[in-house]
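To start, the structure under review is shown below, and the notes come after it.
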Amino acid sequence: RRQAERLIAAGVVRVNGSAEAARVNANVGPDDVVTVHDRPLQLDAARKLAGSVFLCYKLRNELVTYSDPQGRPTLFDRIEAMGLPKNLIAVGRLDFKSEGLILLTTDGRFARELEHPDGGFVRTYRARLERGAFTDRAAQRLAAGVAVDGERFRPILVKALQRE
């Protein structure tokens, strides 16, 4: 990114022939021609993936992040090894010990609409407890909203599907 900013500042990047139009955070559409040192960028692959959505199964003991300073495995390491685009955005998160489907997209606006509470999307999760019991009291606490590590979470409706 910093190298791109240097090239833009040096005036060697042009959008539709204009160095003035080539600025950091400029909106460039699929019909615009972007050149660097008078050579057009090849955007065909990016255009094909614009707005793409993927489902990926997140493994247990895998982080949903681009890198981990502790060296733990990440979903994005695995995605890159599969040959999927590097610019995918995860919609939501799953805990390190959790596994399940996660939605990935190349469309940041779409991801924000799905994630933001004002979007009004109802999320449904299915969870299995490995130990302990899920009680009516626990369901009532979740329905009232809970705080975890000082962060307050909105109320959620919980229904036990099966009790053993």
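The values are calculated or read from the model by the stated rules, or taken from the named source; none is laboratory data. In this text the structure is predicted, and so the values were computed from the model without any measurement. Positions of Cβ are backbone-derived with ideal geometry, glycine not excepted, and every protein chain shown enters the neighbour counts. Heavy atoms of the whole protein, side chains included, go into the accessibility calculation; ligands, DNA and RNA do not. Shrake-Rupley method; radii C 1.70, N 1.55, O 1.52, S 1.80 Å.
What to note about this one:
- Within region 86-97, considering residues that are part of a loop (DSSP other than H, G, I, E, B) and more than 27 Å from Leu129 (Cβ to Cβ), the one least open to solvent (accessible area, probe 1.4 Å): Leu88
- Every residue from region 104-129 that is assigned to a loop (DSSP other than H, G, I, E, B), touching a helix residue (DSSP H, G or I) at 6+ places or on another chain (Cβ under 7 Å) and open to solvent by 70 Å² or more (accessible area, probe 1.4 Å): Phe121
- Given (1) exposed (fewer than 13 other Cβ atoms within 10 Å of the Cβ); (2) in a loop (DSSP other than H, G, I, E, B); (3) at pLDDT 90 or above, index of the condition Gln140 fails: (2)
- One residue from Gly132, Gly100, Gly83 being under 25 Å from Asn61 (Cα atoms), surrounded by 12 or more Cβ atoms within 10 Å (Cβ to Cβ) and either touching a residue at least 40 places away in the same chain (Cβ under 8 Å) or small (Gly, Ala, Ser) (or both): Gly100
- Among (1) modelled with pLDDT of 80 or more; (2) in a helix (DSSP H, G or I); (3) surrounded by fewer than 13 Cβ atoms within 10 Å (Cβ to Cβ) - the single one Ala4 does not satisfy: (1)
- Of the criteria (1) acidic (Asp, Glu); (2) touching a strand residue (DSSP E or B) at 6+ places or on another chain (Cβ under 7 Å); (3) within 30 Å of Asn27 (Cα to Cα), which one Asp68 fails: (3)
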